[in-house]
Every structure is written in structure tokens, then in C-alpha cells.
2 protein chains.
Amino acid sequence: MSDERIRDPRLLDRVMSADAAAGFIQPGTTVAMSGFTGSGYPKAVPQALAHRIEQAQAQGDRFQISLLTGASTAPELDGALAKVDGLALRLPFQSDPDARKRINDGTLEYIDVHLSHVAQHAWFGFYGEIDTAVIEVSAIREDGSLVPSTSVGNNKTWLDLAKKVIIEVNDWQPAGVDGMHDIYYGTALPPHRRPVPLVKPDDRIGETALRCDPAKIVAVVRTHGPDRNSPFNPADETSQRIAMHLVEFLKHEVKAGRLPPNLLPLQSGVGNIPNAVLAGLAASGFRNLTAFTEVIQDGMLDLLREGIISSASCTGFALSPEANERFKRDIDFYRQRIIMRTQEISNHPELIRRLGCIGMNGMVEADLYGNVNSTHIMGTRIQNGIGGSGDFARNGYLSTFLSPSTAKGGSISSIVPMVSHVDHTEHDVSIIVTEQGVADLRGLSPKQRARQVIDHCAHPDFRDALEDYFQRASRDSYGKHTPHLLPEALSWHQRWLDTGSMLK
Amino acid sequence: MSDERIRDPRLLDRVMSADAAAGFIQPGTTVAMSGFTGSGYPKAVPQALAHRIEQAQAQGDRFQISLLTGASTAPELDGALAKVDGLALRLPFQSDPDARKRINDGTLEYIDVHLSHVAQHAWFGFYGEIDTAVIEVSAIREDGSLVPSTSVGNNKTWLDLAKKVIIEVNDWQPAGVDGMHDIYYGTALPPHRRPVPLVKPDDRIGETALRCDPAKIVAVVRTHGPDRNSPFNPADETSQRIAMHLVEFLKHEVKAGRLPPNLLPLQSGVGNIPNAVLAGLAASGFRNLTAFTEVIQDGMLDLLREGIISSASCTGFALSPEANERFKRDIDFYRQRIIMRTQEISNHPELIRRLGCIGMNGMVEADLYGNVNSTHIMGTRIQNGIGGSGDFARNGYLSTFLSPSTAKGGSISSIVPMVSHVDHTEHDVSIIVTEQGVADLRGLSPKQRARQVIDHCAHPDFRDALEDYFQRASRDSYGKHTPHLLPEALSWHQRWLDTGSMLK
């Protein structure tokens, strides 16, 4: 690796191996790392740290850290550290199977946080002192400023708050990413906050690199490794039907004059359904779309390439290996159309409300009255986390939640009498879409919402049982504003636990 | 009544009786009225309308309207219309016993909305066409602009959107209120929104009166009636203990450097506990406090008078008759220290986050993991509504929820295994206070939160049962991230319904 990537000569004497760098991390400390949905996370130091932890624990020494990131990372980070039981606490979002297993075994404490809250909670001191930051960058400039790689996440905050900093310079990341970032340094603690001066998704309000006091940098590690670029799965028929319903709904809203012809800035969660929605919008003739979102996936990259999306703001990527190749190849094109921001900006309530984003997020389940569970299987096992869905559901122009109407081979209904965990309340959910159709909950009372959800979203296998519950609850409930029969409200979930099916 | 209150001569020929004015309101239409927590609501036309509805229904004609306001009103409005079954739909908040009865009987559809969402949902078209606005003002100026009375609420939006307007000019309201309001006309629909240029609670960013096209005004009704000024009940010992715990906590936060000595702008819900908190802050030597809140109650008025609170921003009042007399007498003093705003500004996510408000709200119940129910008794009967608590809980610096640890003579625990309805999720609740103590949930995982809530907030009568549930759930739960035993999770509520007590 040439020193084109480490251009500040002051830092060359701090270049060392990942093992040596991991030696700076002490047991019991809080470590903040880069990484957002499998992009821009450190590739080498976490594994070296896991190795060190394993050795310490083999000698009977307890060695665990508290780990903060932007969002999910990869097996080389969350997986490696979870496997060796090296994590005492994890936040704000993760999706690793090994970490998930420990969380749901009850042996790893996990805090599921709105992505818009993480940076400010760290600044407020809610997470205690941050000892070490481990941040992947694509380059260090002559002046010591750090060019982020494929995610920004909370890197600004981690670099500002950590007592010491370890930098991974990953030359697998394209050099041409330099200029794509927009790091806003206008945040402050109350009472010193000012308006965030962004009024369009493609406004630039910050700097193209991260500041970092060179005196805090204790190690620079050269890496050459790919992001967790998962293969792209083409949308199945169910996803396509969900997408079709949402696209039809949006077309109807344009026709009714409630949305401009090029919609409002799109936010889309990760997965095949959002990809299918984007493809559906393109096929329906939508043009000049914009995105103000957290993650750019294959579908959005394609639409940028085709000029259907004119610009996109994000904080990270989740690309397939093939899309990543296209991204690297055409990076000069994308750099003019993609702006990568800190996640406190990509998910900022002020901006999401100002821009009037259209939020499109997946869910685990919704109930008759429009409450949504985004995180917990059967109310107790966390899957991933709330991520930014709450930021967009609460503050956007439209909050849409998309899911197949059933899961696990039809044994689970995504529409239940009462959700087993609430991430988005009845106050925050406007549209629910399954392959069955669209429930438009806007301006409806709870009982009117139930009518929409049962008639338009429930799977036929479960519709009669939902109707039966709703009718009996409407007759026998203690209060009839939000009718429920408490002994039955969560019985569908218990039945699945007992019998393997929510069906009677 | 002199014409000092109706100074635009163009409108004098539209002065008429309340009965005549009510004649402009047609069955099946949506009517938007002024009013927020019992202040500034129309005093005469709603009762005249109720009388008209009663007569129509006596003749077998169905006559119902959909009613939108700022928040709660009074017996003369919600009560009168609910009593004659004149309401088909009601939003966004109400607290009237007669309306509540119909809502929970299932005969009145009610939509419980974040107060920050109402105006924009109306502009978005989610509530359909607004036919008539009925707005109380304190005066009509020479140029036809309208000086609000003791609440602003959604009046700007109602006047802008309604096809026709009925004005009540209430000369019971002090003329000196003129100049106290700040009506922001910079809002817009996305994609045309700009930053709201407010950076301190006492910034003035708008105009002192409401604009209204005189051509839309179909009737002007003179009234002379008091707001619903409810008597002030001194705080009982439980409220004082809750207040004391919160004040001690805030002092600790100042000492730890996480809050400035004069705190951050206070938001407080309605009731005796917030009054006791304010008194406690004063007694503890806090000075130069500010408020950015929805409602000014007796306690805040007293602290403004004493110079302990230097300025307060609100959208309405909830005063006792005695405090109202003091308010009227010293209105020139208060006009320099109180700014009344539209509720889309008083509750704006952008501003609450920027200012870093300290939210203090009541609750019905909280669960082991920090989810809060603000609205539903036993999960089904709505009490009042979420009001602005969600705006402040999500976006403020600290979201505190305050409640006695028991209700109904000790038969109900405010700390339950699982809340029966969720208004504020685990992601949005940082501090829970009962007379037992403070649960500080910041930076804690669900199981760590349970430890705080059981040890510091639960009433001793229920503590062992909560501990037992938590221990068994931690052992036997399907997932152990948020441990629950689903068949038991809501059993405390059902036991209360069955036996009159949550105690076994």
C-alpha cells in the first residue's frame, strides 16, 4: 500500500499491525467503532481484539468491552467479538447472528436506540466515557483530516469524544469517495443549538472530511478488505406485490394532489421490498425522485445511474458485490449525486420533518389499531433493532410499514390482535402494506383502523380469526375506544410458542 | 359591549346571536374550533349548536359533526355537544367526562394525535375538508386581524383552511392580552419548508395577531364568559414526594455538569405534580429558569411573578379563578414574559430538540422495561389523550414521567409487568419518578431498566410480585432480551377487572 492513503507524515510513525493497535484497548472500557449496515466498519482491529480477548479469557481473565457503532457491522466485528464473549454491552443497532444469540440468551446487554439519538446521548454523557474510537477511513489527508470510507455513521462524534483513536486506512475502499461526504460541524449541546441549515436533500452544509486531533491518534492500521457486500436476491412475488400496492397508493396520492409528481424525499429501509418499491416507481414513470435516507442499496444505485433518482443523501451503503463494483467503477458519477452524512443529520427529526420524507420500513408485525412492532419476535426475542424507522415514522410526511402478511411458512400472521412489543405507536403509523393490500390509517379512529387492517392487510388464513376477535372485543371490552380482550390479546403469540402456529 | 373589541367596521354588520351563527353549521361537516386545556374556546356558539342538534334529533333528523380543536375544551363545548350525541368524530385531545363516556362506549370515534401533528395533518388533507371554524378572540383590530384570547392552539390553521369562519369576541378576556401572542406564518408544506428561526424560548418570530380573510367571516358573536378556570388543589404529600425526587435528580444532574445551573427550558404537563415540581425548584434555589411548554398553570405564573422563571412560551393557560384574577390584574407584567404560540410551534420537534427541553409529564402506567402508557386505563378505556407528551418525550433533552406508584386506593400498581397500551416506547423514556424514587433509565438495557424500575419506583405492596415476574421471565422467557411470560404479561390488568385489585 502506497502512502497515497496516509498523506499526513506526522502519522506515519504510528502505523502498526492490528494486533499492536488492539493492545490499546483495555478490558472494561467503552469502545466506539465505525460501521453502518455492513459498510465502513474496521476490518482488522476488531478481529485482533477478539483474538486478544480469547487469549485473556483462556487464562481466566475476564475481558469484555462495551461497543458503540453507527449501526450493524459484519461478522469480522460484531460476530468476532460476540463469539469470544467479548461484549458486555452493545448499542445502538446490530444484526449479527452470534451477537443476537447472546442478546436473546440474556448474556449480552443490548440497548436499542433511535439512530437520531445516539450521538446526542453520547454527548449528553448517557453512555459514560468513550475510551477508544476505532474508525475506518479511506485516506488521511495532508492536514491530518480523515476521509471517511463507505459509511459515516457516528464517526464524527466518536472521534470528538474518544480519549484515544485507532484509524484503519482501508485501500480497498475507492479513493474517489473523497468529496462524497458532508460532515456537519454545526451541532452543539443545548442551549447553544442553532437551526440545521439544510432545506433540500442535496444541500451541502459541512466539510468533506472528519477532523481529528492527531495527538489522540495512537495507531494507524493499513487494511485491504471488502465491506460485507451481501448478494442481491431478486424480489420474490410477495415483495413485488407489496411494492406494487405501495406504488399504486403513491400514484393515487399524486393524483389527489397530496404529493408532488416527483414525490417527496424517499427513505427506505434495507431489504428486498424497498428495492422492489424503487423498481416499481421507476417502471411507473416516476422521475426526478430524491432520497434522504440512511442506506443506499442496489436499487437506489441503479435508479441514480438511470437518472430516475436525481440525488440521494445517506450515511452508509448496503450493496451487493456486483453493485459495489459498479459503484467503484462509476464513482465520479456517483460522487456528484450522492452525499454521505453523519447519522445525526441523516436521521435528524428537524430535517426529516422539514423535508417531509416518505418513510418506507419493514416490520415484524402490526396490530388491529396500527401499533407496529419492528424488533421483537413474540415480544421477547430481538431481531435487529429499531434503527432509524422511528425517526422517519414520527417525523416524515408519510410513515409506511411494509411486510408480507405471514411469516414462517404461513404459521405466523403479521397482523395480530395486539402487537407483542411496540416500537411505533398508533400515533405514528399512517400506512401499512402487505401483499394483500394497503391499509390507509390516516385520520381514522382505532376502530376504523381495525376495519382497514383486517380488510386490506390480513392474510385470508387469519382474517376470520381477526374479525372474530375484533367483534368480540368491540362487544365485551372494558373500554371500547381500543377494544381488547386482555386474556386473548397476546394468545396468538403464545399459541405459536406452544404449537408452532398462530392458527388454532 | 363597546366596539373597542370589534374595531374593523366591515365586520359590524355580521354581528349576530350565537343561535343565528350556529345556523351556518351543517350536519355531517367538519368543524374546527379554538380551545386548548380549557382556555380560549368559544363559549356560546357550541351551546347554540348543541341546542340546534337536540331540536333536529328530536324531530328524527340525524345531526352530527366532526370536531377538531387545539386540545381539551370545557363542558360548554365538548360536554354540550357530547351530551346531545352531536359528535361523530373528535380529535386531537379531549378531557370531558361526557365525551369520554361516549368514546369508551364505542359511540364516538376519537383520534388521539400528537399535538405537533395536528396542523400539518390538516394541511396534508388527512382530515378532509374543514367547513367551518369557530374561533374565540379577544378583539378584532381595525385591519381585520384577530387578537387571540387565552389560547392559540391550531387557530391559525383553522382560519386558513376553513371555508367559513365564525368569530366569538369575548370581552371577558383581558384586552391587555394583545401583544402577548406570536403567530408564526413561516410554515409551509414540504418541499417548501424552511428552518423555524427560533433559538431561545423567548424569541419572537411571528405576528401578534391572526390573519383572516374578512370575506370568509360569516358571523361575529359577542360573548362575555370565563374560561374553564378550575380550582387549584394544593399538592398532596405524594405529589410533593414525587416533586422532591425529581428536583433532587435535577440538582444532581447540574452537579454532574450534564445540565446548566438554570437547567434547560421546562415543559410541564397539567396537574398538581408539575405545580409541585415548580415549587420545589423555586425552594431549592433554582433561578433564571425558562419554560417552553404547552400550558401555563398557577405554579408557573407564580414563578414568573417571583422572577424565578424569567420567560415562558406556551400555547394556552390552565389557571384557577384566583390565578386568573392575578393574571388579568398584572397582565402588563406578564405580557413582557409570556409568549403564546401556535401549537405547531409550541410542540415542534425541531424546536424541542434544538432547545433541549426537559419534559415532565404524567402517565397511567410504566412497565419493567420503560414503556409508558399515558392514555388507556386497562388498555382499552381512554382517559384523555397523549397530548404533547410524545413531542417532548421523543425530542427533549430529558423525558421524565411522573406518577404516584399506585392508583385507586392502592388497588392498581402504576408499575406493571407489561403496559396495556404503549404511548411512549422504551426508546423514548429516560426517567420515571414515583413517590418511591427515581428510575434513571438512560444508557441501560431492558433488564437493567427493570432493576431500576422495581427497586426505585414500584410500591412496596407490588414490589415482590414484580420481582417474581421478572425473575421467572428472565428464566423462562422465549427471548431474554425483553423477558416476558405472555400469558401473565397483562394478567395484572385482567385481575383488576375481575377482582377490583391487581394484588393477588
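The values are calculated or read from the model by the stated rules, or taken from the named source; none is laboratory data. Since this is a predicted model, take the numbers as computed values, not measurements. Neighbour counts run over all protein chains shown; Cβ positions are idealised from the backbone, glycine included. Remember, those area values only see protein heavy atoms, side chains included, never the ligands or the DNA or RNA. Shrake-Rupley method; radii C 1.70, N 1.55, O 1.52, S 1.80 Å.
Some observations on this one:
- Here A:CYS357 meets each of (1) open to solvent by less than 20 Å² (accessible area, probe 1.4 Å); (2) touching a residue at least 60 places away in the same chain (Cβ under 8 Å); (3) away from every other protein chain (no Cβ under 11 Å); (4) farther than 30 Å from B:ARG472 by Cα with one exception, condition (3).
- Residues of region B:81-93 classified as among the aliphatic types (A, V, I, L, M), open to solvent by 10 Å² or more (accessible area, probe 1.4 Å) and over 26 Å from B:SER346 (Cα atoms), total: 2
- Annotation: of all residues in region B:243-275 being at pLDDT below 95, part of a helix (DSSP H, G or I) and open to solvent by less than 20 Å² (accessible area, probe 1.4 Å), the one that is nearest to the other protein chains (Cβ to nearest Cβ) is B:PRO274.
- Conditions (1) buried (at least 21 other Cβ atoms within 10 Å of the Cβ); (2) within 30 Å of A:THR293 (Cα to Cα); (3) within 8 Å of chain B (Cβ to nearest Cβ); (4) touching a strand residue (DSSP E or B) at 6+ places or on another chain (Cβ under 8 Å): number failed by A:HIS493: (2)
- Matching residues in region A:140-154 - criterion: being surrounded by 24 or more Cβ atoms within 10 Å (Cβ to Cβ) and closer than 23 Å to A:ASP3 by Cα: A:ILE140, A:LEU146, A:PRO148, A:SER149, A:THR150, A:SER151, A:VAL152
- A:SER346 away from chain B (no Cβ under 12 Å) and polar (S, T, N, Q): yes
- Total residues in region B:327-338 satisfying the condition of being closer than 16 Å to B:SER149 by Cα and in a helix (DSSP H, G or I): the figure is 7.
- Residue in region B:38-52 that is touching an Asp or Glu at 6+ places or on another chain (Cβ under 8 Å), open to solvent by less than 70 Å² (accessible area, probe 1.4 Å) and modelled with pLDDT under 95 present: yes
- Hits in region B:79-93 (condition: more than 18 Å from B:PRO27 (Cβ to Cβ) and either at the interface with chain A (Cβ under 10 Å from one of its Cβ atoms) or free of Cβ contacts under 8 Å to residues at least 24 places away in the same chain (or both)): B:GLY79, B:LEU91, B:PRO92
- Residue within region A:442-465 that is touching a helix residue (DSSP H, G or I) at 6+ places or on another chain (Cβ under 7 Å), open to solvent by 10 Å² or more (accessible area, probe 1.4 Å) and closer than 28 Å to A:GLU237 by Cα present: yes
- The numbered conditions (1) among the basic types (Lys, Arg); (2) within 14 Å of chain A (Cβ to nearest Cβ); (3) touching a residue at least 12 places away in the same chain (Cβ under 8 Å) are all true for B:ARG211 except (2).
- Residue list for region B:94-137, filter: free of Cβ contacts under 8 Å to residues at least 24 places away in the same chain, assigned to a helix (DSSP H, G or I) and farther than 23 Å from B:GLY316 by Cα: B:LYS101, B:ARG102, B:ASP105
- Here B:GLY359, B:GLY409 are screened, and the one residue that is within 30 Å of B:PRO195 (Cα to Cα) and at pLDDT 95 or above is B:GLY359.
- Scanning region A:171-208 for residues that are open to solvent by 40 Å² or more (accessible area, probe 1.4 Å), within 14 Å of another protein chain (Cβ to nearest Cβ) and not hydroxyl-bearing (Ser, Thr, Tyr) turns up A:LEU189, A:PRO191, A:HIS192, A:ARG194, A:PRO197, A:LYS200, A:ASP202.
- Whether a residue is polar (S, T, N, Q), in contact (Cβ under 8 Å) with a residue 24 or more places away in the chain, within 21 Å of A:TYR127 (Cβ to Cβ) and open to solvent by less than 10 Å² (accessible area, probe 1.4 Å) was assessed, and B:THR434 does not pass this test.
- Per the listing A:ASP78, A:ASP61, A:ASP13, A:ASP96, the residue uniquely surrounded by fewer than 19 Cβ atoms within 10 Å (Cβ to Cβ) and either within 29 Å of the chain's Cα centre (by Cα) or closer than 29 Å to A:VAL147 by Cβ (or both) is A:ASP13.
- When residues of region B:375-426 are limited to those that are assigned to a loop (DSSP other than H, G, I, E, B), more than 10 Å from every other protein chain (Cβ to nearest Cβ) and of a type in the set (Gly, Ala, Ser), the one surrounded by the fewest Cβ atoms within 10 Å (Cβ to Cβ): B:SER411
- Looking across region B:169-193, just one residue is without any contact (Cβ under 8 Å) to a residue 24 or more places away in the chain and either charged (D, E, K, R) or not assigned by the TED database to the domain that holds B:TRP158 (or both), and that is B:ARG193.
- Only residues that are farther than 25 Å from B:PRO404 by Cα and either among the aliphatic types (A, V, I, L, M) or in contact with a Phe, Trp or Tyr (Cβ under 8 Å, 6 or more places away or on another chain) (or both) were counted across region B:265-310, and they come to 5.
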